[in-house]
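Accompanying notes for the structure given below.
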Amino acid sequence: MAAETGALLLVVDDSQDTLEMLQRKLASRGHRVLTAGSVADAINILAGAAVDLVITDYKMPKASGLELVRFVRENCRDTEVMMITGYATINGAVEAVKTGAAEYLTKPFTDEELAAAVSRALERLELRRSARGPSHEEIGARYGLLGESAAMRRVLEAIAKAASTSATVLITGESGTGKELVARAIHYSGPRASAPFVPVNCGGIPESLLESELFGYVKGAFTGAIETRAGFFQTAEGGTIFLDEVGETTLAMQVKLLRVLQDKEICMVGSTRIRKVDMRILAATNKDLRGLVDKGLFREDLYYRLNVIEIAIPPLRERADDILPLARHFAAHFSRERDRKPPEFTERALRILREYEWPGNVRELENVIQRLVIMTEGDSIDVPDLPRLMRAAALPGAGLDRTLDDVTAEYIQNVLASVGGNRTRAAEILGIDRKTLRERLKRGGRLD
């Protein structure tokens with residue numbers, strides 16, 4: 001069953017023997033299994049992992065299984081929970097179900113009883129997800145929002161919730177994090193999907209033209225207005241308008257935007273006629289709007305009108321688990337365009353990709369991978385193939401818990417990689433002659 005295959009389960013019990021037994025039995029049925037010896041440990045795991053089903057013991061020291069059931073129900077809407085206990089009572093079962101446990105299993109139980117209870121709980125989870133519409137993973141894959149990190153899953157969860165409402169959404173994040181992709185996912189996952197999605201870069205349109213572009217203008221409104229032309233708000237009728245970089249707008253323009261948000265009315269430039277418009281507004285910024293409000297550079301009333309729902313996209317450097325899946329995805333995509341087999345990344349290249357700061361975020365990663373696919377002729381991508389800036393950034397990465405031989409060996413390899421394997425140039429940088437370098441390489445970089 002789709003709901004069951006590869007599900008991520010969290011087993012919570014203060015008995016290590018029980019944890020090992022349940023982990024073994026559940027893993028044998030194809031599940032991925034995490035374990036925790038206490039409610040506190042379980043809550044820490046749930047904060048960073050998208051668990052499908054929690055299986056918890058009833059009686060445990062400090063905090064009971066009931067408290068964990070209650071926590072899951074209040075904080076993990078996309079997680080089912082079942083309880084197991086060796087102290088079975090009718091009152092206990094009733095209390096567990098009332099608190100929110102989907103299943104209640106009494107020890108000792110057979111392998112078949114365990115499997116059946118887990119299957120029923122996962123089926124219930126699948127039904128709940130189906131009733132909500134597309135899953136987070138489906139939304140992400142459909143609109144190019146890829147990632148396996150807990151941070152990205154939270155973004156996808158927020159998209160799914162925002163798509164089901166008509167509320168205004170403020171999408172925040174650094175340049176290159178994918179704010180427009182998030183806006184498109186919200187629009188095309190919601191009830192306005194068949195109507196237009198109109199993106200507007202507020203920072204890319206001169207201030208003198210922004211009003212006429214957004215609101216439209218009538219013939220004769222200004223020099224060059226030789227015909228009446230609808231603006232972006234009218235173009236988005238029935239659909240969604242996406243105001244990207246809304247923090248770049250002037251205070252005068254912010255007053256006009258506030259009226260649109262409050263009354264859903266516009267007035268074309270050069271006209272006195274008020275027109276009703278029906279569209280959803282999504283906005284995005286890479287600036288700290290709250291900080292701009294405090295400085296008097298952004299209207300506080302507009303800020304609160306825009307920020308009904310906020311979706312904050314974390315920078316790629318805070319989503320380290322997403323870097324390698326994204327790199328492989330982009331490599332496969334650009335390789336298909338060139339009708340070639342996707343190159344493999346060496347372990348050393350992957351380490352540098354993961355440790356690099358990515359100031360340009362996902363957009364920078366995409367550009368780097370595209371360049372590598374175009375410029376690399378072999379079947380693999382290694383450190384010398386990476387941009388010089390990335391190779392240089394990786395050089396100071398030696399930790400303080402390694403031997404001098406280990407640090408020296410890695411440094412020599414990094415210098416070699418940074419000059420494309422040119423031993424003469426590497427020897428110059430290292431301050432040694434080619435013979436010494438050759439001997440060091442034979443010894444694996446050791447000093448003697």
task = Being in contact with a helix residue (DSSP H, G or I) (Cβ under 8 Å, 6 or more places away or on another chain) and under 28 Å from Ser189 (Cβ atoms) is the filter here, so list the residues in the range 255-282 that pass it.
result = Leu257, Leu258, Val260, Leu261, Gln262, Glu265, Ile266, Val277, Met279, Arg280, Ile281, Leu282
ask   = With Val308, Val269 as the choices, which residue is over 25 Å from the mean Cα position of the chain (by Cα) and either of a type in the set (Asp, Glu) or under 23 Å from Gly203 (Cα atoms) (or both)?
value = Val269
message = Going by what's in this entry, would Leu9 be described as modelled with pLDDT of 90 or more, within 23 Å of the chain's Cα centre (by Cα), in a strand (DSSP E or B) and within 15 Å of Leu114 (Cα to Cα)?
response = yes
key: Qualifying positions in the range 344-381 - within 20 Å of Asp321 (Cα to Cα) and in contact with a strand residue (DSSP E or B) (Cβ under 8 Å, 6 or more places away or on another chain)   = Glu344, Phe345, Thr346, Ala349, Leu353, Ile381
inquiry  = Just checking, does the range 271-282 include any residue being surrounded by fewer than 19 Cβ atoms within 10 Å (Cβ to Cβ) and in contact (Cβ under 8 Å) with a residue 60 or more places away in the chain?
reply    = no
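Per-residue answers, yes or no, for (1) buried (at least 16 other Cβ atoms within 10 Å of the Cβ); (2) more than 26 Å from Gly147 (Cα to Cα):
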residue	(1), (2)
Thr18	yes, yes
Leu22	yes, yes
His31	yes, no
Ser38	yes, yes
Ala50	yes, no
Ala63	no, yes
Glu80	yes, no
query = Taking strands (runs of 3 or more DSSP E) that fall entirely within the range 236-309, which contain at least 1 residues that are modelled with pLDDT of 95 or more?
reply = 240-244, 280-285
key: Ala158 being of a type in the set (A, V, I, L, M, F, W, C) and either assigned to a loop (DSSP other than H, G, I, E, B) or free of Cβ contacts under 8 Å to residues at least 24 places away in the same chain (or both)   = no
key: Answer residue from the range 283-311, given it is under 28 Å from Gly238 (Cα atoms) and out of contact with any helix residue (DSSP H, G or I) (no Cβ under 8 Å at 6 or more places or on another chain) and is surrounded by the most Cβ atoms within 10 Å (Cβ to Cβ) among those   = Val308
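Quick check on the range 409-435: of everything there that is closer than 17 Å to Val383 by Cβ and among the hydroxyl-bearing types (Ser, Thr, Tyr), which residue is modelled with the lowest pLDDT?
Kept after step one, since they are closer than 17 Å to Val383 by Cβ, are these residues of the range 409-435: 409-423, 425-426, 429-430.
With among the hydroxyl-bearing types (Ser, Thr, Tyr) added as a condition, the list becomes 411, 418.
Working: Tyr411: 73, Ser418: 62.
Here the residue is Ser418.
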message = Out of the residues in the range 1-16 meeting the condition of being within 14 Å of Gly65 (Cα to Cα) and β-branched (Val, Ile, Thr), tell me which one is surrounded by the fewest Cβ atoms within 10 Å (Cβ to Cβ).
response = Val11
note = Gly203: passes all of (1) in a helix (DSSP H, G or I); (2) within 17 Å of Phe298 (Cβ to Cβ) but (1)
ask   = Just checking, how many residues over the range 245-270 are surrounded by fewer than 16 Cβ atoms within 10 Å (Cβ to Cβ), on the phi > 0 side of the Ramachandran plot and of a type in the set (Asp, Glu)?
value = 0
key: Arg328 closer than 21 Å to Ala409 by Cα and part of a helix (DSSP H, G or I)   = no
inquiry  = Suppose we filter Glu213, Glu180, Glu148, Glu174 for residues that are acidic (Asp, Glu), outside any helix (DSSP H, G or I) and either modelled with pLDDT of 90 or more or in contact with a strand residue (DSSP E or B) (Cβ under 9 Å, 6 or more places away or on another chain) (or both); which single one remains?
reply    = Glu174
From Ile241, Ile205, Ile186, residue being within 25 Å of Val362 (Cα to Cα), assigned by TED's automatic domain parsing to the domain that holds Ala284 and either touching a residue at least 60 places away in the same chain (Cβ under 8 Å) or polar (S, T, N, Q) (or both) = Ile186
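Looking at the structure I just gave you, is Phe109 of a type in the set (Phe, Trp, Tyr), out of contact with any strand residue (DSSP E or B) (no Cβ under 7 Å at 6 or more places or on another chain), over 30 Å from Asp322 (Cα atoms) and at pLDDT 85 or above? So that I can check it myself, show each step before the final result.
On the way: of a type in the set (Phe, Trp, Tyr): yes; out of contact with any strand residue (DSSP E or B) (no Cβ under 7 Å at 6 or more places or on another chain): yes; over 30 Å from Asp322 (Cα atoms): yes; at pLDDT 85 or above: yes.
Against the criterion (of a type in the set (Phe, Trp, Tyr), out of contact with any strand residue (DSSP E or B) (no Cβ under 7 Å at 6 or more places or on another chain), over 30 Å from Asp322 (Cα atoms) and at pLDDT 85 or above), Phe109 qualifies.
Of the residues Ala167, Ala141, Ala131, which single one is modelled with pLDDT of 90 or more and surrounded by fewer than 17 Cβ atoms within 10 Å (Cβ to Cβ)? Give the steps one after another, and end with the answer.
Details: Ala141 fails: modelled with pLDDT of 90 or more; Ala131 fails: modelled with pLDDT of 90 or more.
The match here is Ala167.
The values are calculated or read from the model by the stated rules, or taken from the named source; none is laboratory data. Computed from a predicted structure; not experimentally measured. So basically every Cβ, Gly included, is an ideal-geometry build from the backbone, and we count neighbours across all protein chains shown.
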